[in-house]
Structure formats: C-alpha cells, structure tokens
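Participant: Here's a structure for you.
The values are calculated or read from the model by the stated rules, or taken from the named source; none is laboratory data. Keep in mind the model is a prediction, meaning the values are calculated, not measured. No Cβ is skipped: glycine too gets one built from the backbone with ideal geometry, and neighbour counts run over all protein chains shown. The accessibility values were calculated without ligands, DNA or RNA, using every heavy atom of the protein model including side chains. Shrake-Rupley method; radii C 1.70, N 1.55, O 1.52, S 1.80 Å.
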Amino acid sequence: MAETKRAAITAVGHYLPENRLTNHDLEQMVETDDEWIRTRTGIEERRILKDEDKATAFMGAEAAKELLDQRGVSADEIDVIIVATVTPDYLFPATACLVQSEIEAGNAYSFDVSAACSGFLYALTTGANFIESGRAQKVMVIGSDKMSSIVDYTDRSTCILFGDGAGAVLLEPSEDETGIIDYIHRSEGDTNLSLYQPAGGSLNPANEETVKNRLHYAKQDGRTVFKKATVGMADVSEEIMDKNDLSADDVAWLVPHQANLRIIDATANRMGLDKDKVMVNIDKYGNTTAATIPLCLYDWQNKLEHGDNLILAAFGGGYTWGSIYVKWALN
Ligand code: UT7
C-alpha cells in the first residue's frame with residue numbers, strides 16, 4: 001500500500017442553473033415579502049433548475065466535468081465518486097452511479113451519502129479516509145441538490161429558503177503539510193422529525209393520500225431547527241479550533257453551511273471572527289443543502305492562499321452536524 005498522506009483539495013467545480021427565483025417572485029406566489037426574507041434569512045434570490053428532464057445527477061456531473069477540466073485529469077483516473085444529496089434522482093440506484101456513467105469514469109466506484117445539510121462534510125471526510133489509507137489516489141466528492149423538487153411552493157415557511165445547485169472537489173494525496181487536518185462529526189436522532197420529507201420512503205410509500213396531503217415535500221419546524229443549528233454549529237466550530245490550538249487570528253476563513261445568515265453570524269461570533277473572514281453567498285443561492293460549502297469554495301477560490309486555515313461547518317436534518325479543519329493546498 002502507498003505511503004499515508006493527507007488528503008488535499010486539488011480542484012473545485014460547480015454548477016448553478018441559470019434561472020433565478022427572487023424574493024419579489026415569491027411575493028407573487030405566497031404571502032411573504034422581500035424585507036421579511038432578507039432580514040430573517042439573508043436570502044435575496046435562488047437558482048432553480050427548470051428543465052424537467054434534468055435533476056441532481058445532471059448538476060453533479062456538470063460540476064464534476066468542470067473539476068476534471070480545471071485539474072486536467074481524465075475521468076478514468078478517478079478511483080471513487082461520492083455524492084452527498086437529499087434529492088437523489090431515484091431512491092436507487094445511487095446518484096453517484098449516474099454521475100459516474102455521465103462523465104464516463106469507468107474505473108471508479110460510486111455511492112451516495114445521506115446526511116442532509118451536513119452531507120458534503122460527511123462525504124468529504126469519507127473521501128479523505130480513502131486517500132489517507134492509500135487505497136485511492138483521486139476521489140471526487142460532490143454535493144448536489146435539486147431542492148426545488150421537494151419544496152412546497154404553497155408553504156411560505158420553507159419555499160423561501162431553498163435553491164438548486166452543485167459543487168464538487170477533487171481529493172488527492174497532499175505533497176506538503178496542507179490538506180484535511182482534522183474533523184468532528186456529530187449526529188442525534190431527531191425523533192420529533194423537525195426537518196424531514198414524510199413520504200416516499202419505505203414507511204410511507206407514495207399513494208393517492210400521500211400526494212393529496214402534500215407529504216412528498218420537505219417539512220420543517222424552523223424555530224426548533226434554528227435553535228439547535230445555532231448552538232450546534234457554533235459549538236463544533238469552537239471545539240475544532242480548541243482541539244487544534246487555533247486562535248481567531250490563525251483562521252483565514254469560516255466556510256459555513258448557508259441555511260440562515262443569523263446562524264452563520266452566531267458561529268462567526270463564537271469563533272471571534274470578523275465578517276470579512278466569513279464566506280457568505282446565501283444572498284445569491286439560498287440553501288442548496290449539500291452544495292452550499294463547495295459552492296462557497298468555488299466562489300472564493302481565487303481569494304484563498306496556499307496554507308490558509310479554513311474551518312468548514314454545517315448543521316442539518318438528522319440531526320447531523322460537524323466541522324472540518326482544512327489547510328488550503330491550492331494557489
Ligand atoms: O439547512 C438545514 C437546517 N435548517 C436551518 O438551519 C433553518 C433554521 N430555521 C430558520 O432559518 C428560521 O427558523 C426560518 C427562516 C425558517 C424562520 O425564521 P424565524 O425567525 O424562526 O421565524 P418563525 O418561524 O419564528 O416565524 C415568525 C413569524 C410567524 O408569524 P407569527 O406566528 O409570529 O405571526 C410566521 O408565520 O413569521 C411568519 N413567517 C413569515 N412571514 C413572512 C414565516 N414564514 C414567513 C414568510 N414571510 N416567508
């Protein structure tokens with residue numbers, strides 16, 4: 001087996017649909033207003049994948065193709081493809097297998113990770129373990145969600161929050177001290193089901209009643225999730241700093257899951273970080289679930305420097321949450 005090395009992010013790709021759904025558009029659909037949405041969430045618009053014949057695998061594959069181009073590697077060099085999503089094209093087969101066939105990565109094996117808004121973080125550390133063990137040299141980690149497929153556009157408490165998109169990173173053995181240094185993952189069974197999609201699984205398979213009762217859409221008790229998320233994301237971000245002896249000055253960037261600007265601000269405050277060290281693009285894309293963190297990395301990649309300390313953090317349904325300490329390998 002090859003020598004053990006850290007896993008470094010060596011390329012970033014993305015896909016965002018062209019179509020924009022603004023707060024003003026939503027004012028025409030449900031009883032809401034731009035001011036409420038902006039002040040309570042930080043969101044101004046989101047992207048929506050309109051094409052009915054395209055979904056999560058399409059967006060993931062587009063992000064993957066950009067990644068391959070950027071790194072200049074061919075798809076058949078990829079060993080593993082991991083897709084984090086809560087909106088798979090089908091319950092099975094895995095969306096990762098569909099991405100694999102679309103990009104013609106014939107030598108890879110592929111699987112999905114289901115951890116809602118923490119999905120990208122869980123997938124990233126799963127991918128890193130393949131590199132660290134020496135069993136893989138190139139692992140593609142993709143976060144992709146077509147949230148518009150499970151959003152109820154008659155429910156103002158959820159339809160304002162979510163958007164569609166995908167982001168992808170390539171993991172390869174690090175050549176120096178950069179790479180994924182440490183992580184903390186947590187989960188707790190949310191027995192009250194504060195954030196879930198009631199039907200379509202094996203407990204409530206699709207039938208006339210489930211469709212009539214709109215049970216195939218995401219439901220959220222926003223206030224309960226908000227409280228848990230604010231504490232969970234801040235706790236785990238502070239904990240990873242303490243564990244690695246990082247002061248606020250040592251951290252170049254917080255890369256937070258984009259669910260609500262108020263949750264992001266609370267996390268940054270607890271870490272002692274100024275706003276100019278926090279990646280925020282929720283205003284443009286809303287909550288794209290598994291795609292938020294790689295989309296931030298994509299948008300900020302030109303500002304990142306080799307050796308920058310990044311703290312990635314997320315909280316989501318499950319409940320699931322976590323943080324990852326990454327020393328940036330590119331640039
Ligand atoms: O990414 C996965 C994890 N998810 C999250 O982290 C999301 C966490 N939750 C949240 O971000 C927030 O709870 C929301 C943005 C979803 C809601 O914000 P909030 O400040 O918690 O509002 P609320 O649910 O407590 O509702 C306050 C009021 C209510 O009216 P009353 O009962 O006070 O009269 C709602 O009916 O705002 C009303 N409301 C709205 N008003 C205008 C709820 N949605 C809307 C809306 N437009 N879209």
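Participant: Go through Thr154, Thr191 for me and flag whichever is more than 18 Å from Ile311 (Cα to Cα), free of Cβ contacts under 8 Å to residues at least 12 places away in the same chain, out of contact with any helix residue (DSSP H, G or I) (no Cβ under 9 Å at 6 or more places or on another chain) and open to solvent by 10 Å² or more (accessible area, probe 1.4 Å). Explain how you work it out, then say what you get.
Facilitator: Working: Thr154 fails: free of Cβ contacts under 8 Å to residues at least 12 places away in the same chain.
After ruling out the rest, the residue left standing is Thr191.
Participant: Output the residues belonging to region 309-329 that are touching a Lys or Arg at 6+ places or on another chain (Cβ under 7 Å) and assigned to a loop (DSSP other than H, G, I, E, B).
Facilitator: Within region 309-329, just Tyr319 meets the criteria.
Participant: Restricting region 26-37 to residues that are in contact (Cβ under 8 Å) with a residue 24 or more places away in the chain and in a loop (DSSP other than H, G, I, E, B), which is surrounded by the fewest Cβ atoms within 10 Å (Cβ to Cβ)?
Facilitator: Here is the first cut: in region 26-37, the ones in contact (Cβ under 8 Å) with a residue 24 or more places away in the chain are 26, 29-32, 37.
The next check asks that each one be in a loop (DSSP other than H, G, I, E, B); those that pass are 29-32.
Working: Met29: 13, Val30: 15, Glu31: 8, Thr32: 17.
Step by step, filter region 26-37, then rank; the result is Glu31.
Conditions tested, residue by residue: (1) more than 30 Å from Ser133 (Cα to Cα); (2) open to solvent by less than 50 Å² (accessible area, probe 1.4 Å); (3) outside any strand (DSSP E or B); (4) more than 16 Å from the ligand (Cβ to nearest atom).
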residue: Lys5; (1), (2), (3), (4): no, no, yes, yes
residue: His24; (1), (2), (3), (4): yes, no, yes, no
residue: Thr39; (1), (2), (3), (4): yes, no, yes, no
residue: Glu52; (1), (2), (3), (4): yes, no, yes, yes
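Participant: Pairs, please: C-beta under 6 Å, at least 6 apart or cross-chain, first residue farther than 16 Å from Gly322 by Cα and modelled with pLDDT under 95 and in region 232-258, second open to solvent by 40 Å² or more (accessible area, probe 1.4 Å) and assigned to a helix (DSSP H, G or I)?
Facilitator: Correct list of pairs: empty, since none qualify.
Participant: Between residues in region 125-144 that are over 20 Å from Gly167 (Cα atoms) and modelled with pLDDT of 95 or more and residues that are among the hydroxyl-bearing types (Ser, Thr, Tyr) and open to solvent by 30 Å² or more (accessible area, probe 1.4 Å), which pairs lie under 8 Å by C-beta distance while being six or more apart or on different chains?
Facilitator: Note: pairs meeting the criteria are Glu132/Thr4; Ser133/Thr4; Gly134/Thr4.
Participant: On the given criteria, is Val225 touching a Gly at 6+ places or on another chain (Cβ under 9 Å), open to solvent by less than 20 Å² (accessible area, probe 1.4 Å) and either of a type in the set (Gly, Ala, Ser) or not assigned by TED's automatic domain parsing to the domain that holds Ser144 (or both)? Show your work before the answer.
Facilitator: Numbers: touching a Gly at 6+ places or on another chain (Cβ under 9 Å): yes; open to solvent by less than 20 Å² (accessible area, probe 1.4 Å): yes; either of a type in the set (Gly, Ala, Ser) or not assigned by TED's automatic domain parsing to the domain that holds Ser144 (or both): yes.
Spelling it out, Val225 is indeed touching a Gly at 6+ places or on another chain (Cβ under 9 Å), open to solvent by less than 20 Å² (accessible area, probe 1.4 Å) and either of a type in the set (Gly, Ala, Ser) or not assigned by TED's automatic domain parsing to the domain that holds Ser144 (or both).
Participant: Out of all the residues in region 109-133, which are more than 22 Å from Thr87 (Cα to Cα) and not in a helix (DSSP H, G or I)?
Facilitator: Answer for region 109-133, where residues must be more than 22 Å from Thr87 (Cα to Cα) and not in a helix (DSSP H, G or I): just Ser133.
Residues checked against (1) within 16 Å of the ligand (Cβ to nearest atom); (2) open to solvent by less than 40 Å² (accessible area, probe 1.4 Å); (3) part of a helix (DSSP H, G or I):
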{"site": "Leu246", "(1), (2), (3)": "no, yes, no"}
{"site": "Asp276", "(1), (2), (3)": "no, no, yes"}
{"site": "Val280", "(1), (2), (3)": "yes, no, no"}
{"site": "Asp283", "(1), (2), (3)": "yes, no, yes"}
{"site": "Pro294", "(1), (2), (3)": "yes, yes, yes"}
